[in-house]
Amino acid sequence: QVQLVESGGGLVQAGGSLRLSCAASGSIFSGNVMGWYRQAPGKEREKVARITSGGFTNYANSVKGRFTISRDNAKNTVYLQMSSLIPEDTAVYYCGALTGRGNYWGQGTQVTVSS
């Protein structure tokens, strides 16, 4: 069964930090690019960060230097460490697995940054 389960969202003040986790079923995690995306109210979903199975990363310009994506291949888990959060980071954050059979998504976790 294909499954992606996010956790770690919540309410934080501007300047604070949060760490998101995404546990994935092995069939879609191993060897595939994993990513974090977000969707704010009234906006389209956008890429936040992605990481290859080998650990290469790329980030949206808006989060460079503030967010760090990582993965633990032994635990089939991808993380997003978010620091220096700003109100514009408020969104539902989704974990995604980008595979040759298609893209898979978690249910999302809400991140709200208060000013």
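Would you kindly state how much longer the chain becomes between ARG45 and SER27 on full extension, computed as 0.36 nm times their sequence separation minus their alpha carbon distance, in nm to one decimal?
4.0 nm
A quarter of the convex hull surface defined by the alpha-carbon atoms of the chain gives 6.7 nm² as the mean projection. Computing FRET efficiency as 1/(1 + (r/R0)^6) for LEU11 and ASN103, where r is the C-beta to C-beta distance and R0 is 30 Å, gives about 0.55.
Computed with a 1.4 Å probe over protein heavy atoms only, the accessible surface of the range 61-111 comes to 47 Å² per residue.
Put simply, the convex hull of the Cα atoms in the range 54-96 casts, on average, a shadow of 3.6 nm².
Placing +1 on each Lys and Arg Cβ and -1 on each Asp and Glu Cβ, with no other charges, gives the chain a dipole about its Cα centre of roughly 200 debye.
Each 5 Å bin from 0 upward holds the following percent of the Cα-Cα pairs of the range 1-44: 5, 16, 20, 22, 19, 11, 7, 1.
From the largest down, the range 14-70 spans 35, 25, 19 angstrom on the principal axes of its Cα atoms. For the chain, the share of accessible area belonging to carbon and sulfur comes to 47 percent (1.4 Å probe, ligands and nucleic acids excluded).
The values are calculated or read from the model by the stated rules, or taken from the named source; none is laboratory data. Only a predicted model underlies this, so the values are computations on that prediction, with no experimental measurement involved. FYI the Cβ positions are ideal-geometry reconstructions off the backbone, even for glycines, and counts take in every protein chain you see. These area figures cover heavy atoms from the full protein model, side chains too; ligands, DNA and RNA do not enter into them. Shrake-Rupley method; radii C 1.70, N 1.55, O 1.52, S 1.80 Å.
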